[in-house]
Amino acid sequence: MISIGKLSTGVGSSYASPVVESRNSRWEAAVPMAERLALSVEEAGALLGISRDLAYDLVARHELPAVRLGRRLVVPRRALEEALLRAVAADGHE
């Protein structure tokens, strides 16, 4: 389960990002979300402002990029950003 807490800003960042706690937050806390190369599907969904269920549905439909590492699905940050840019460009808003 995921819960979104207060908004916080990172050091040197000019925008607020959600503080996301997931089932794996015990070891994910070792590296701040802004510095990680990959996010959990729940975290990617929270950053996009969509539900956990929708995020997993998008992964299943290959609309949200994800990689399986063992038993875990992760969303590479760069692939997420590139997919979002392609979606915006295809929608004619770039």
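The values are calculated or read from the model by the stated rules, or taken from the named source; none is laboratory data. All values reported here derive from a predicted model rather than from experimental measurement. Note that we place each Cβ from the backbone using ideal geometry, even for glycine, and neighbour counts take in every protein chain shown.
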**OP:** Six or more apart or on different chains, Cβ under 8 Å: which pairs go from a residue in the stretch 69-94 that's free of Cβ contacts under 8 Å to residues at least 24 places away in the same chain to one that's assigned to a helix (DSSP H, G or I)? Could you list them?
**Re:** Glu94/Leu85; Glu94/Val88
Subject >> Of all residues making up the stretch 31-59, the number that are touching a residue at least 12 places away in the same chain (Cβ under 8 Å) and polar (S, T, N, Q) >> reply: 1
Original post:
Can you name every residue in the stretch 47-94 that is within 19 Å of Ala34 (Cβ to Cβ) and more than 13 Å from the chain's Cα centre (by Cα)?
Top reply: Leu85
Subject >> Members of the stretch 6-60 that are among the aliphatic types (A, V, I, L, M), modelled with pLDDT under 60 and closer than 22 Å to Glu82 by Cβ >> reply: Val20
Original post:
Where in the stretch 38-90 are there strands (runs of 3 or more DSSP E), lying wholly inside it, with at least 2 residues that are surrounded by 11 or more Cβ atoms within 10 Å (Cβ to Cβ)?
Top reply: 38-40, 72-76
